[in-house]
Amino acid sequence: MDILTAIFTRRSVRRFTPEPIAESDLETLLRAGMQAPSADNGQPWYFVVINDREIMDSIPKIHPWSEMMREAALGILVCGRIAEGEMGEYWQQDCAAATENILLTAHGIGLGAVWLGICPDKKRMADFSALVGLPGDVQPFCLIALGHPAHAYQASNRFDPARIHYNHW
Ligand SMILES: Cc1cc2nc3c(=O)[nH]c(=O)nc-3n(C[C@H](O)[C@H](O)[C@H](O)COP(=O)(O)O)c2cc1C
């Protein structure tokens, strides 16, 4: 799929078939995440692949909008290491760029995915840190639920010229 088609037809997918995700596809997704731009090329991201069914089934207890994890083939917990200094403050933006790369790649290779927000909700961050045993200097940013889509989905046109200004508001 070409890049513009991927961008303009991606949607969140929340229903999945039982088909597992091939190892090669998982590697493609993780490579895409690590290919993202980051502040000062700091690449602060870490990815925890969650494919243990018991852990996946427990996630709705700590995240109110994550029922689809019971059906997902796996989840990728996108995490960031908080570096010392000014660039450390950009870790959330870096992780967001990695997340979007993974979402677009999933769509591009025929998988379905949805971004589940964790940061900046302090309780959710603490709960996910405990769930996977993150070290103290690594924070969870979001969870991406992934699998083979169980339904067709429609592109949505969100272009709004009123949101664009040139040179001055
Ligand atoms: C920061 C962020 C947090 C989100 N959290 C959730 C979530 O917890 N559960 C969920 O089902 N979808 C979540 N979404 C997905 C949005 O609901 C979805 O992207 C939005 O409705 C637009 O639909 P689309 O992705 O199909 O274009 C989140 C998206 C973002 C960017």
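Details
- Residue-wise HN-Hα couplings along region 45-53, as the Karplus relation 6.51 cos²θ - 1.76 cosθ + 1.60 with θ = phi - 60° gives them from phi, are 7, 9, 10, 9, 7, 10, 10, 7, 4 Hz; Gly and Pro carry x.
- Gyration tensor (alpha-carbon) shape descriptor, the chain, a/c threshold 1.5: oblate
- Charged-residue dipole, Cβ positions (Lys, Arg, Asp, Glu), region 17-152 about Cα centre, Debye nearest 20: 280 debye
- Counting Lys and Arg as +1 and Asp and Glu as -1 over every other residue whose Cβ lies under 11 Å from the Cβ of V78, the net charge comes to -2.
- Segment N167-I62, length gained on full extension (0.36 nm per residue, minus Cα span): 33.4 nm
- Nearest-0.05 FRET efficiency for D137 and D52, computed from C-beta distance (R0 22 Å): 0.35
- Based on DSSP H segments of at least four residues, each scored -39500 (n - 2.57), the chain has a per-residue ellipticity at 222 nm of -9500 deg cm²/dmol.
- Gyration tensor verdict on region 42-124 (Cα atoms; rounded if a/c is under 1.5, prolate if a/b is larger than b/c, oblate otherwise): oblate
- When the square roots of the Cα gyration tensor eigenvalues are ordered a ≥ b ≥ c, the ratio a/c for region 1-90 is 1.5 or more and a/b does not exceed b/c, which makes its shape oblate.
Read the figures in this text as sums done on the coordinates, not as results from a lab. Just so it is clear, the model here is predicted, and its values are computed rather than measured. FYI the Cβ positions are ideal-geometry reconstructions off the backbone, even for glycines, and counts take in every protein chain you see.
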